[in-house]
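The values are calculated or read from the model by the stated rules, or taken from the named source; none is laboratory data. Computed from a predicted model, the values in this text were never measured in an experiment. Cβ: placed from backbone, ideal geometry, glycine included. Neighbour counts: every protein chain shown.
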Amino acid sequence: MAYTPYSEFKVGAALLTKGGKIYRGCNIENATYTPTNCAERTAFFKAISEGEHEFQCIAIVGGKGEDISTEICPPCGVCRQVMMEFCDPDSFKIILGKNMGEWEVYTLRELLPFGFGPANLNA
Ligand code: THU
């Protein structure tokens, strides 16, 4: 469902809640570029807007064109920061897929070391 008339780079994300529900997201681009929303944030915002606040992991795939992506698509910095708001950095897993059936798994802590989150404001 990615809406990508400008980059042709299509991304899909599937966010798994602790309760076992999956929220899917795609990237949605815009003619003025900056309002573009990444697939990961689309998935998070769909879930949050439905009342979900606890998450296990997110799977992400993306690439240019119609072919199966041969490279992983790491989440951008803004999306990592959104994950930091709602996820435990040591247990939340980010699964990066490629080539139909290959994947790499990272914790949010690995992809966002020294991230600033809600706990910092309570310190
Ligand atoms: N994009 C995502 O949706 N997720 C990522 O992790 C990286 C980038 C999108 C934004 C834009 O529509 C396109 O990919 C190219 O940057």
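Values as computed for the structure displayed
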{"quantity": "Of the criteria (1) buried (at least 18 other Cβ atoms within 10 Å of the Cβ); (2) polar (S, T, N, Q); (3) more than 16 Å from the chain's Cα centre (by Cα), which one residue 27 fails", "calculated": "(3)"}
{"quantity": "Counted residues, the stretch 51-84 - those being within 12 Å of the ligand (Cβ to nearest atom) and in a helix (DSSP H, G or I)", "calculated": "6"}
{"quantity": "Residues satisfying the stated conditions in the stretch 30-55, i.e. of a type outside the set (Val, Ile, Thr) and crowded, with 16+ Cβ neighbours inside 10 Å", "calculated": "37, 38, 39, 40, 41, 43, 44, 47, 52, 55"}
{"quantity": "Looking only at the stretch 49-69, and only at residues there that are among the β-branched types (Val, Ile, Thr) and out of contact with any Asp or Glu (no Cβ under 9 Å at 6 or more places or on another chain), the one that is modelled with the lowest pLDDT", "calculated": "68"}
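So that you can scan it fast, the table gives a plain yes or no per residue for (1) within 14 Å of residue 13 (Cβ to Cβ); (2) in contact (Cβ under 8 Å) with a residue 24 or more places away in the chain:
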site	(1), (2)
49	no, no
54	no, yes
59	yes, yes
82	yes, yes
95	yes, yes
98	no, yes
102	no, no
